[in-house]
1. Which loop-located GluC sites (Glu not before Pro) does region 221-301 contain, where loop means any DSSP state but H, G, I, E or B and the Cβ has at most 11 other Cβ atoms within 10 Å?
2. Modelling each spin label as a point 7 Å along the Cα-to-Cβ direction, I'd like the Y129/S35 distance in nm, to one decimal.
3. Subtracting the Cα-Cα distance from 0.36 nm times the residue separation, let me have the gained length for E270 to K461 in nm, one decimal.
4. With Cβ to Cβ distances under 13 Å as the rule, what net charge do the other residues near P234 carry (K, R +1; D, E -1)?
5. Please work out the C-alpha center-to-center distance from region 459-482 to region 3-64 and express it in whole Å.
6. Which lysines does K53 reach when only Cα atoms under 19 Å apart count, and residues fewer than 8 places away in its own chain are ignored?
7. Using only the alpha-carbon atoms of the chain, report the extent along each of the three principal axes, biggest first, to the nearest angstrom.
8. Which aspartates and glutamates have a Cα less than 12 Å from the Cα of K461, not counting those fewer than 8 places away in the same chain?
Amino acid sequence: MPGSAWAFNFEDVAAQAKTLAASPYKRPKSELPKSLQDLTYDQYRDIRFNPEKAYWRDARLPFELAFFHPGRIFDTPVRINEVAGKAVRPIKFDPQAFDYGANKINLKDLNGLDFAGFRVHYPVNTPKYKDEVLVFLGASYFRAVGKDQRYGLSARGLALDTALNSGEEFPLFTEFWIERPEAGAKELVIYALLNSRRMTGAYRFLLRPGVDTAIDVKSRLFARENITKVGLAPLTSMFFSGENQRSPQEDYRPEVHDSDGLSVQSGTGEWIWRPLSNPKKLLVTSYALSNPGGFGMMQRDREYTSYEDLESRFELRPSGWVEPKGKWGSGRVELVQIPTPDETNDNIVAYWVPDAPPKPGAPFDFEYRLLWQKEKERKPPLSWVTQTRRGQGYPRRTDDSITLAVDFEGPSLAKLPADAKPEAVISVDSNGKLLETNTIHNDVTGGWRMTMRMSRNDTSKPVELRGFLRNNNLTLSETWSYILSPD
């Protein structure tokens with residue numbers, strides 16, 4: 001339906017964001033009773049929304065809404081509204097819609113509270129059941145899934161001053177407006193108001209659940225003051241161990257991660273793949289680009305035997321791909337990798353940093369499509385990296401050299417003649433020295449393996465490596481871009 005048919009649209013939330021930016025910041029005040037503030041992790045999880053109370057269930061609409069109870073760390077009040085034709089109706093918090101489990105909570109203390117967040121249900125796996133497909137909970141975090149996927153990485157509305165010594169600022173989605181869907185609708189429109197000490201913003205999310213769930217994001221930002229680093233379309237994930245970095249403790253699971261690499265499509269057509277790591281110290285790297293084609297946190301390894309985790313099912317975690325709409329201009333895709341002692345922390349962040357960030361007094365617009373993928377992940381048209389392995393084989397070497405093996409697969413390699421011998425084009429920075437390189441046909445996958453042995457000049461400093469496959473001066477693969485962290 002055209003925007004004029006609704007009582008509320010993007011320009012309305014943008015007007016609120018602009019007005020908000022012109023006034024001093026006031027952090028939303030938590031009014032949680034002590035019984036909710038002191039909940040443990042397990043106690044909070046014991047509070048469950050009653051699915052029979054799902055919003056729109058009685059109307060038998062294709063989408064339904066369920067809500068998160070405030071408590072513990074989720075103490076920021078979040079207002080949620082329904083936009084139905086010419087009316088905007090607040091969706092009021094109702095304690096009777098929740099099962100409190102073993103918790104002893106006086107429901108009279110909960111009058112006047114707001115929600116902590118909400119989730120959207122829609123049938124993507126079978127028409128007989130409405131799956132949970134999208135969640136907004138905590139700061140500006142949200143995550144989604146498509147068909148046959150399990151929750152993994154998250155997205156955020158905005159990232160401010162991530163990995164700076166001054167500390168990161170986490171903007172909040174403080175209010176939502178959700179358009180009531182028509183019978184048979186396959187899309188859902190959600191508006192959100194973002195607020196933080198230095199930034200406000202208006203957001204429109206157009207959700208299309210499916211095999212690959214898509215979310216079209218439209219945003220307009222207003223800065224209260226200058227900000228050192230603005231991260232657009234941020235993705236947050238977890239990497240604890242993988243093929244390139246074994247677990248530091250004994251673990252029956254070969255790999256533990258929600259994403260195994262950062263994929264970047266440059267504006268020039270080059271594709272770059274950076275395998276993720278769990279560094280010993282904070283590690284921040286970036287790729288300077290102009291008008292990128294996209295970037296994403298990808299989970300390329302889809303084999304259950306790579307993880308052997310019957311509960312977490314990491315092989316079903318989605319890849320998240322950001323596809324810019326329009327020209328984003330010049331800037332950089334920045335990757336932040338944070339040390340983590342276990343898998344409970346999201347320690348990986350990637351986002352776009354524009355060279356011309358939002359300025360106080362001027363609106364800043366940007367749009368993109370966010371895809372949650374599994375079966376049809378975005379990949380380069382030629383060939384791509386399937387795994388990066390580090391370590392010596394046999395015979396063992398007694399020196400301090402490092403051996404890496406990188407496997408590639410893809411149509412460009414499958415079309416090579418039987419007598420072809422692709423060349424490995426590898427470069428290292430000044431802190432490294434290549435000692436040996438080679439390419440080997442992988443008879444199991446039909447792809448090719450690029451191997452290298454190298455040494456480091458200073459083990460306290462990182463080494464940057466780049467490599468790709470070439471045949472008769474014709475590029476065959478994406479660019480493998482790797483950083484060896486300091487010992």
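The values are calculated or read from the model by the stated rules, or taken from the named source; none is laboratory data. The shown structure was predicted, so the numbers you read here are calculated from the model rather than taken from an experiment. Methodologically, a virtual Cβ is constructed for each residue, glycine included, from the backbone with ideal geometry; neighbour enumeration extends over all protein chains shown. To get the accessible areas, we keep the full protein, side chains included, count just its heavy atoms, and leave off ligands, DNA and RNA. Shrake-Rupley method; radii C 1.70, N 1.55, O 1.52, S 1.80 Å.
1. E225, E250
2. Reported label-point gap for Y129 and S35 is 3.3 nm.
3. Here the segment from E270 to K461 would lengthen by 66.0 nm.
4. Every neighbour counted, the sum reads -2.
5. Cα centroid to Cα centroid, the span is 46 Å.
6. Cα-Cα hits under 19 Å: K92, K128, K130.
7. 72, 50, 44
8. By straight Cα distance, K461 reaches D429, D487.
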